[in-house]
Amino acid sequence: MDTRIDLRVDGEQRSLTVDTRTTLLDALRERLGVTSPKKGCDHGQCGSCTVLLDGRRATTCLALAVAHTGSEITTAAGLSDGDDLHPVARAFLDHDGLQCGYCTPGQICSAVGMLDEAKAGWPSLVTEHAEDSAALDESELDDEEIRERMSGNLCRCGAYTNIVTAIREASNGGNR
Ligand code: FES
Ligand code: FES
C-alpha cells in the first residue's frame, strides 16, 4: 500500500509517496537523494545510518518512513552550514577521526545526540552516581563514557581512538 508522507530534511520540506514498508533510510537515500546517512548493515547493528530524528539520534534502517511523517530530520550534512562545519564535524577533521569516512556521518550525528543526552543528565551504563544527575556534566565525559555512549556506532576502519579524541574535544569546546 502506498501513502503520502511529509518530512523536513536538513531544513527543507520534502513530500513523497512511499510503500508503507519503506524504511526511513531507503526513503532518504533512494527516493530523496539524501545520501549522508549510509547503509551499512541494514539491521540496526552498525549505526552508519544514524540521523537526528526530532532532535534524538535514531537508526533510520530500523524506522518505517510512514511512522515519521511530519518529523524533522537532520543528517550530518545538515548539521554544518556549507564550509562552516559543526564543532563535532570540525573535531573529526582536526583529529583524523575518519579513514574511509563511511561510518562518519552516523558517528557525527550520534555524537551530537549523545552530547545532548549527557547535557540533559541522562546516565549511561558506566555513569557513576547515576542517581545524581548533577554528576553528569557533558563537559567532563571521560573516554569510558564516550566509548559506552557511542557503542552503537561501529567503524570498520577502526578509527576509534581518534573518534574518541574528537568527541572529547568537542564536548570540552562548548559552542554547540
Ligand atoms: S545501516 Fe542502520 S544500523 Fe547499520
Ligand atoms: S572510517 Fe571507515 S568505516 Fe569508519
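Tell me the per residue accessible area of segment 69-108 using a 1.4 Å probe; a whole number in Å² is fine. Mind dumping the intermediate values first?
On the way: 1900 Å² over 40 residues.
Per-residue accessible area for segment 69-108 comes out at 47 Å².
Students sometimes get this wrong: rank K119, K38 by accessible area, probe 1.4 Å, all chains present, largest first.
On the way: K119 130, K38 45 Å².
Heavy-atom accessible area, descending, gives K119, K38.
Probe radius 1.4 Å, ligands and nucleic acids ignored: give me the carbon and sulfur share of the accessible area of the chain as a rounded percent.
Numbers: 3990 of 8880 Å².
Exposed carbon and sulfur together represent 45 percent of the surface.
With N denoting the number of residues in segment 52-132, provide Rg(C-alpha) divided by 2.2 N^0.38 Å, to two decimal places.
Values: Rg = 14.5 Å, N = 81, 2.2 N^0.38 = 11.7 Å.
Scaled against compact globular proteins, the figure is 1.24.
Just by accessible area at a 1.4 angstrom probe, what is the order of H43, H95 from largest to smallest?
Working: H43 130, H95 50 Å².
Highest to lowest solvent-accessible surface, that is H43, H95.
Run the Debye formula on the Cα coordinates of segment 5-100, all scatterers equal and no solvent, and tell me log10 I(q)/I(0) at q = 0.13, 0.17, 0.23 1/Å.
With no solvent term, the Cα-only Debye profile gives -0.44, -0.73, -1.23.
Simple spin-label model, 7 Å along Cα-to-Cβ: Q45 to L125 in nm?
That separation, rounded to one decimal, is 1.6 nm.
In nm, to one decimal, how far is the modelled label at R56 from the one at Y160, with both set 7 Å along Cα→Cβ?
Roughly 2.7 nm, to one decimal.
What is the P(r) of the chain, as percent of Cα-Cα pairs per 5 Å bin from 0?
Histogram of Cα-Cα distances, whole percents per bin: 1, 9, 17, 21, 19, 14, 10, 6, 2, 0.
So how exposed is D42, as accessible area in Å² (1.4 Å probe, rounded to 10)?
60
Which value in deg cm²/dmol, rounded to the nearest 500, describes the helix-derived mean residue ellipticity at 222 nm for the chain, given -39,500 (n - 2.57) per DSSP H run of n ≥ 4 and division by the residue count? Show your work: numbers first, answer last.
Working: 5 runs with 49 residues, N = 176.
The helix-only estimate for the chain comes to -8000 deg cm²/dmol at 222 nm.
The values are calculated or read from the model by the stated rules, or taken from the named source; none is laboratory data. Only a predicted model underlies this, so the values are computations on that prediction, with no experimental measurement involved. Note that each Cβ is placed from the backbone with ideal geometry, even for glycine, and that neighbours are counted across all protein chains shown. For the accessible areas, the whole protein counts, side chains as well, though only heavy atoms, and no ligand, DNA or RNA atoms are used. Shrake-Rupley method; radii C 1.70, N 1.55, O 1.52, S 1.80 Å.
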